[in-house]
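Remarks on the structure that follows.
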Amino acid sequence: MSFLIDPTIHMWFAISLTIVAFYLFASEKWPLEVTSVVLLAVLLLFGQIFPLPNDMGLNQLSAKNLLLGFANPSLIAVLALLVVGQAMVQTAALTPVTRLFLRMRDNWAKIGALIIFMFVLIFSAFMNNTPLVIIAIPVMQALAIKMKMSNSSIMIPLSYVAILGGMTTLVGSSTNMLVSTALSDLGYENFSFFEFTVPGAMLAAVGAFYTLVILPKFLPKRHSMAENLQGEDKDKKFIAEMTIADGSKFINQKCEGDHLPNWPDIELRLVHRNHSLIVPPFDDYIIQEGDVMIVAATKETLMDMLATQPGYLLSDKEGLSQKNSKDLNSREDDNVAVADSESDEAPSHALVEFMIKPASRLLDQSIEEIDFQENFDCVVLGIQRHSKVIRRRLGQMRLQAGDVLLVAADNDSIRKIRQDTQDIIVLSGTRRDIPVGHKARYAGIIFIATILMAAFGILPIPVAAVTGAVAMLLTGCLNVRQTMRAFDRKIFFLVGSALALGTTLQVTGGATYLASLILGLPIAQDAFYAAALLFIVVAIATNLLSNNACAVLFTPVAVNLAIELGQDPFVFAMIVVFAANCSFASPIGYQTNLLVMGPGHYQFKDFMKAGIPLVIVIWLAYCLVAKYYFGL
């Protein structure tokens, strides 16, 4: 019955559905995943009921064509890179780098952030910007902590400067290469390497000023769900005990006030040395072998130390054990015990908080007397007691009702304590996987290899990313459960459904119709106004379709428009280059937008609020360039 259907129904359906979809995405009346799958279902049903045959009689809106977006190489690359990034977190491979930035003074942290932005902006003109953003994300997260800023204040600007830098040279973006190729197909010469560097740099400079100076003031201050659940607990400190063993890197180092060298988040409270006590102030205190230090630190800090230098917190006897496995205690450079596991679920150890119940049988007993290692198969790392400054050895402390113990245990032990004991409450939401610090070396090597292969074109980005993710899994940097949790289903469904919508808009002629409608206005008969209109049309389309699709679709349109107006086709082809790179107003617009969406805790509307003004700024800047540089 399809021959009875008005062919334009497909076009008007695509245009109408695009408007509805962006409204739902922006308003977030439904969760993003729900809107995505509903959109996909509507497209699939429409394509099945109202097929759109091509010249060969094949349905262009078939399920096969509409679902191709879920196998999009860029989407696969982003998901695989999320796994690689999670492995770096899980092995604490980035802890030395982040600790270095955390030691910076506030002013230096701001300068460091500016240097990172400039580095990404400049080098994205000469290499693929995706690896640059991957490298920069953890560094910027550390600087955000130091500057007391949320990740959402800096992640979108990081993506935007990468995109802006890419519009200055031929190799800065795949879009630029596609426009050059399309010119060649039309019988013209390809762009030279620096063909549009000068006008591109002008636009990039204007965009960078807006992105770095103005935009951060309007971005949301948003935290992740985990951070919101923690609330004030993220600053809660536990009293812990650290023993300086033979060969420790701390030996002969001088404390920095009340803080340990290279560990500014650990506060020193008391030192036991040869049956004597060293009390504050610690300005002249030099750490010696055998010192037992009573310190105060947050859970996150203790977890970092447990991952990188566990021997300071655990004795040989307390080395984390796991049932049905071989001896897990091994020695590293500091003669410390570390936990290892070759099981599929490694690492299976976690930090969790226990609270002592008011009627507990453990009341008024010391931690040494209870012997948590023997009776509960866990190790006590610290204790938190409200409103009291504790300066006693951890093992000698007698428990009181309401004490919160920070313990390290395997999953089976935590589950058993939660179910069986009547003396302890396992606090909900406090569980944190302990990073497998001894795998950090492997994770770092895999990460660097993945970045280099992608950056220098040795392997395509999707191939390098998937290979890196699999290598992280096979080397035990992540287990299967953590690998699956690293996938962001919001990104998966959003990108897949949005690409299906873009395919529909393109094959039905909706994108071409809208472009011709605008460019057919009487005002477009003037070269300057035609260039301005072409720019804004392509800039809007690149956020609805994709930058590469726009390059292929609009380059012939631009060349034909230039010929009709008697203008240089190269100048109008450059419009497509600049405008197609304006992928700022949608998370699906560019791959780096997807990369920062998770770390920045962004919603779809955040990209619209941040990106639409930037598109307008770049458009106005181009109008000036077109008028005074190109002389249109």
Looking at V120, V198, V171, V179 in this structure, which one is under 24 Å from Y622 (Cβ atoms), buried (at least 19 other Cβ atoms within 10 Å of the Cβ) and over 22 Å from the mean Cα position of the chain (by Cα)?
V179
Meets criteria (surrounded by fewer than 17 Cβ atoms within 10 Å (Cβ to Cβ), touching a residue at least 40 places away in the same chain (Cβ under 8 Å) and in a helix (DSSP H, G or I)) for F25
no
Conditions: (1) within 21 Å of G166 (Cα to Cα); (2) aliphatic (A, V, I, L, M); (3) buried (at least 20 other Cβ atoms within 10 Å of the Cβ). L533 meets all but one. Number of the miss?
(1)
Please identify the pairs in which a residue from the stretch 555-575 that is on the phi < 0 side of the Ramachandran plot has its Cβ atom under 6 Å from the Cβ atom of a residue that is part of a loop (DSSP other than H, G, I, E, B), counting only partners at least 6 apart or on another chain.
V559/L186; V571/F630; M574/F196
Tell me the helices (runs of 4 or more DSSP H) entirely within the stretch 516-632 that contain at least 1 residues that are among the basic types (K, R) and over 28 Å from the mean Cα position of the chain (by Cα).
604-628
Filter pass, I9 being touching a Phe, Trp or Tyr at 6+ places or on another chain (Cβ under 7 Å), modelled with pLDDT under 80, farther than 23 Å from F604 by Cα and aliphatic (A, V, I, L, M)
no
Applying the selection to the stretch 256-279, what residues are at pLDDT 80 or above and within 41 Å of the chain's Cα centre (by Cα)?
I266, E267, L268, R269, L270, V271
Among the residues of the stretch 173-220, the number that are aliphatic (A, V, I, L, M), in a helix (DSSP H, G or I) and closer than 19 Å to N548 by Cβ is 5
Being in a helix (DSSP H, G or I), in contact with a Ser or Thr (Cβ under 9 Å, 6 or more places away or on another chain) and farther than 27 Å from L40 by Cα is the filter here, so list the residues in the stretch 465-494 that pass it.
T467, G468, A469, A471, M472, L473
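The values are calculated or read from the model by the stated rules, or taken from the named source; none is laboratory data. Computed from a prediction, not measured in an experiment: that's the story for all the values here. Reconstructed Cβ throughout: ideal geometry from the backbone, glycine too, with neighbour counts over all protein chains shown.
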